[in-house]
Amino acid sequence: MASATSVATPAKVFVTMGDKPSVMYDAPSTKANKIFIINALTPLELLVRLDKLTKVRDMEGAIGWVENTSLGERRHVQVSSATAEVHANPAANAPLVFEAQRMVVLEVTGTTTDGWLPVKHRDGQAGFIRLSQVWGD
């Protein structure tokens, strides 16, 4: 009789682009083909990290390589739903601060609480967004 074994899926690890746009390459070399430019502060899933380049995936599924020097320290997420509500407190019935459209990038300002993530828009508005409405954390 075969026994079932449960294997934990490793958690995704995310990185964020720095304050400037950067080139995404199709191979782990700056001499490789340039695929496209990634916007500043874009969150990316980390797939492989080498000495000088990191293999990443964006929210749309594009995979490529970016220079490690182009990655930033601050955490950001990207709105993955059509629109997402940012509330004053981590509760659905809390006052609405603003709505963010799909692809908008928000800075993460703290840790997740009961499925809510504290975020700040580049224009200064801040609040809590449902974790299920963002990608990158």
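Against the condition crowded, with 19+ Cβ neighbours inside 10 Å, within 16 Å of the chain's Cα centre (by Cα), aliphatic (A, V, I, L, M) and assigned by TED's automatic domain parsing to the domain that holds residue 35, how does residue 119 come out, does it pass?
no
Which of the following residues is more than 25 Å from residue 29 (Cα to Cα), modelled with pLDDT of 95 or more and out of contact with any Cys (no Cβ under 6 Å at 6 or more places or on another chain): 61, 72, 110?
Values: 61 fails: more than 25 Å from residue 29 (Cα to Cα); 72 fails: more than 25 Å from residue 29 (Cα to Cα).
When all the criteria are applied, what remains is 110.
For the stretch 54-69: of the residues being of a type in the set (D, E, K, R) and under 18 Å from residue 137 (Cβ atoms), which is surrounded by the most Cβ atoms within 10 Å (Cβ to Cβ)?
Ranking the candidates gives 58 first.
How about the stretch 59-76: which of its residues are touching a Leu at 6+ places or on another chain (Cβ under 6 Å) and closer than 22 Å to residue 120 by Cβ?
76
Got a number for residues in the stretch 75-101 being assigned to a strand (DSSP E or B) and either surrounded by 14 or more Cβ atoms within 10 Å (Cβ to Cβ) or not hydroxyl-bearing (Ser, Thr, Tyr) (or both)?
14
Can you pull out the residues in the stretch 39-70 that are among the aliphatic types (A, V, I, L, M) and closer than 20 Å to residue 12 by Cα?
Residues satisfying the conditions are 41, 44, 46, 47, 48, 50, 53, 56, 59, 62, 63, 66.
Can you pull out the residues in the stretch 73-105 that are out of contact with any helix residue (DSSP H, G or I) (no Cβ under 8 Å at 6 or more places or on another chain), polar (S, T, N, Q) and farther than 16 Å from residue 39 by Cβ?
Selection gives 83, 89, 93.
Which numbered condition in (1) outside the structural domain of residue 30 (by TED's automatic domain parsing); (2) over 17 Å from the mean Cα position of the chain (by Cα) is the only one that residue 52 fails?
(1)
In the stretch 102-118, what residues are under 24 Å from residue 17 (Cα atoms), in a strand (DSSP E or B) and not hydrophobic (A, V, I, L, M, F, W, C)?
Of everything in the stretch 102-118, those that are under 24 Å from residue 17 (Cα atoms), in a strand (DSSP E or B) and not hydrophobic (A, V, I, L, M, F, W, C) turn out to be 107, 118.
The values are calculated or read from the model by the stated rules, or taken from the named source; none is laboratory data. For clarity, every value in this text was computed on a predicted model and none was experimentally measured. In this analysis, Cβ positions are derived from the backbone assuming ideal geometry, glycine residues included, and neighbour counts consider all displayed protein chains.
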